[in-house]
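Taken together, the values in this text are just the output of simple stated rules run on the coordinates, not laboratory data. Only a predicted model underlies this, so the values are computations on that prediction, with no experimental measurement involved. Every residue, glycine among them, receives a Cβ derived from its backbone with ideal geometry; neighbour counts consider all protein chains shown.
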Amino acid sequence: VQLQASGGGLVQAGGSLRLSCKAIGINFKNYDMGWYRQAPGKQREMVATITNQNNSNYADSAKGRFTISRDNAKNTLYLQMNSLKSEDTAVYYCAQLATGGAGVDRWGKGTQVTVSS
């Protein structure tokens, strides 16, 4: 089982990036999924989650700027990030969530997002 995140990079403040996470080896459509991030010296934090029924939830810092989505036909999770700020700089991880909101069952490898001011 793999969660393969991609799409990170260096972008100027105010710019946009779209992260992708390809799920391999799981029945993707059945699972709630999420994006988390970890900045240097800080704890990993939730950015956005999406249920298998397409209900989404966002951290306050992401509301109005980020959009989580999924394409079950492609087994892929997305995070569209607009109006990026320097404080969005972090390693971003996709995650397969545990049933019933009981945390994370599986982490993908992270992808670095760096926002220059």
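General observations
- Legend: residue pairs Lys74/Lys109; Lys22/Lys85; Lys42/Lys74, Cα-Cα distance threshold 23 Å; pairs beyond threshold, Lys22/Lys85; Lys42/Lys74.
- FRET efficiency estimate (nearest 0.05) - Cβ-Cβ, Ser116 to Asn57, R0 30 angstrom: 0.55
- Computed on the Cα trace of the chain, the radius of gyration divided by the Kirkwood hydrodynamic radius gives Rg/Rh = 0.94.
- Note on Lys29: aspartates and glutamates with a C-alpha under 20 Å away, same-chain residues under 8 apart excluded, are Asp71, Asp105.
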